[in-house]
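Data first, discussion second: the structure below is written as structure tokens.
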């Protein structure tokens with residue numbers, strides 16, 4: 001029996017690396033279940049609907065991004081604590097209470113990151129300045145300022161940003177034109193209105209399967225930002241785990257990788273943990289940001305590796321000859337756990353009840369369950 005308390009480490013983050021078919025999803029879902037047993041909350045970003053049965057079994061919620069009417073507005077702000085104050089009272093739009101700008105500034109920075117992913121290329125200094133001015137103009141147009149009391153008002157949407165950009169001359173107009181697919185074009189459904197779904201309860205699975213592949217990175221970012229606002233709520237005290245399955249879709253994008261890195265660094269301070277799972281080892285080991293995400297995880301789990309990736313993994317983790325052979329020949333579900341200067345081989349084993357919602361391989365039929373789906 002191997003017992004590993006990730007919460008007793010310097011941080012509770014975990015990175016799981018393994019080739020396709022090595023058992024990453026099986027192990028990750030088992031880890032998720034075992035943490036739910038310990039009364040933690042969790043959010044899962046699920047590209048292939050592999051966690052839907054599990055969510056139904058434990059009474060969780062599945063949110064299907066890409067389904068008609070399902071939206072997460074990137075302009076949403078953290079909500080201040082309620083003090084029985086009428087939110088429609090007159091507020092000085094130039095007010096700047098001490099500490100009140102952090103939430104608005106953080107959200108504006110996130111929108112910069114999201115635009116970088118949507119536009120698929122970095123902005124020049126002039127373009128970034130135009131975007132920043134337009135973001136704040138969009139908030140002001142909705143009556144939202146640095147005063148947290150205004151944050152309960154309906155947030156602007158991407159179309160409001162595009163309209164504000166068109167007021168910023170040729171530079172702003174060119175950016176607004178490039179945003180057209182997400183404002184008026186084929187990808188507008190996810191951005192053309194306020195948030196319609198909210199995470200709730202002890203487990204929320206965000207399914208990306210209904211999204212076009214081009215929007216997977218953006219959808220992942222929207223979910224991670226929503227989680228960031230949840231776990232930084234000062235009224236929350238429960239542990240919260242975030243699982244990013246097949247994280248290569250985000251790690252391949254510089255803007256997305258930077259956001260994931262910042263989350264890996266900060267989530268510990270908010271009683272949370274990040275679990276990153278990927279089969280594309282190159283995206284983790286051959287980029288500065290990928291290695292930074294790896295270095296900010298105190299727990300690493302290595303499953304069977306492809307011959308092409310084995311050398312890089314062996315160098316990154318200074319594997320012994322025996323450990324390298326173990327990973328080269330590992331059967332499905334067999335892994336090497338590395339953390340806190342300790343290493344141990346193990347195999348993931350689930351109970352029959354757990355296995356019914358963990359197994360997703362062809363030929364295995366799980367039992368039907370009822371659960372909430374949006």
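The values are calculated or read from the model by the stated rules, or taken from the named source; none is laboratory data. Keep in mind that what you see is a predicted model, and the values were worked out from it rather than measured. Using ideal geometry, Cβ is built from the backbone for each residue, glycine included, and neighbour counts are taken over all protein chains shown.
Okay, here's what the table says:
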read-out: Residue that is nearest to the chain's Cα centre (by Cα) [pool: residues in the range 187-205 that are farther than 22 Å from residue 29 by Cβ and not in a loop (DSSP other than H, G, I, E, B)]; value: 190
read-out: Identity of the residue in the range 276-288, assigned to a loop (DSSP other than H, G, I, E, B) and out of contact with any helix residue (DSSP H, G or I) (no Cβ under 6 Å at 6 or more places or on another chain), that ends up modelled with the highest pLDDT; value: 279
read-out: Any hit, the range 262-272, residues being modelled with pLDDT under 90, under 20 Å from residue 201 (Cβ atoms) and assigned to a loop (DSSP other than H, G, I, E, B); value: no
read-out: Unique residue being in contact with a strand residue (DSSP E or B) (Cβ under 6 Å, 6 or more places away or on another chain), surrounded by fewer than 19 Cβ atoms within 10 Å (Cβ to Cβ) and at pLDDT 90 or above when the list is 185, 210; value: 210
read-out: Selection count where residues are farther than 12 Å from residue 108 by Cα, in a loop (DSSP other than H, G, I, E, B) and at pLDDT below 95, scope the range 146-166; value: 1
read-out: Residue 291 closer than 24 Å to residue 232 by Cβ and at pLDDT 85 or above; value: no
read-out: Criterion: in contact with a helix residue (DSSP H, G or I) (Cβ under 9 Å, 6 or more places away or on another chain), closer than 29 Å to residue 155 by Cβ and crowded, with 23+ Cβ neighbours inside 10 Å - qualifying residue of 54, 65; value: 65
read-out: Looking only at the range 167-176, and only at residues there that are in contact with a helix residue (DSSP H, G or I) (Cβ under 9 Å, 6 or more places away or on another chain) and in a helix (DSSP H, G or I), the one that is surrounded by the most Cβ atoms within 10 Å (Cβ to Cβ); value: 172
read-out: Test: residue 129 is closer than 25 Å to residue 169 by Cβ, assigned to a helix (DSSP H, G or I), in contact with a helix residue (DSSP H, G or I) (Cβ under 6 Å, 6 or more places away or on another chain) and modelled with pLDDT of 95 or more; value: no
read-out: Selection status of residue 237, without any contact (Cβ under 8 Å) to a residue 40 or more places away in the chain and assigned to a loop (DSSP other than H, G, I, E, B); value: yes
read-out: Residues satisfying the stated conditions in the range 231-261, i.e. within 11 Å of the chain's Cα centre (by Cα), closer than 22 Å to residue 35 by Cβ and modelled with pLDDT of 90 or more; value: 241, 242, 243, 244, 245, 260
read-out: Verdict on residue 260 being within 18 Å of residue 15 (Cβ to Cβ) and either crowded, with 23+ Cβ neighbours inside 10 Å or in the same structural domain as residue 120 (by TED's automatic domain parsing) (or both); value: yes
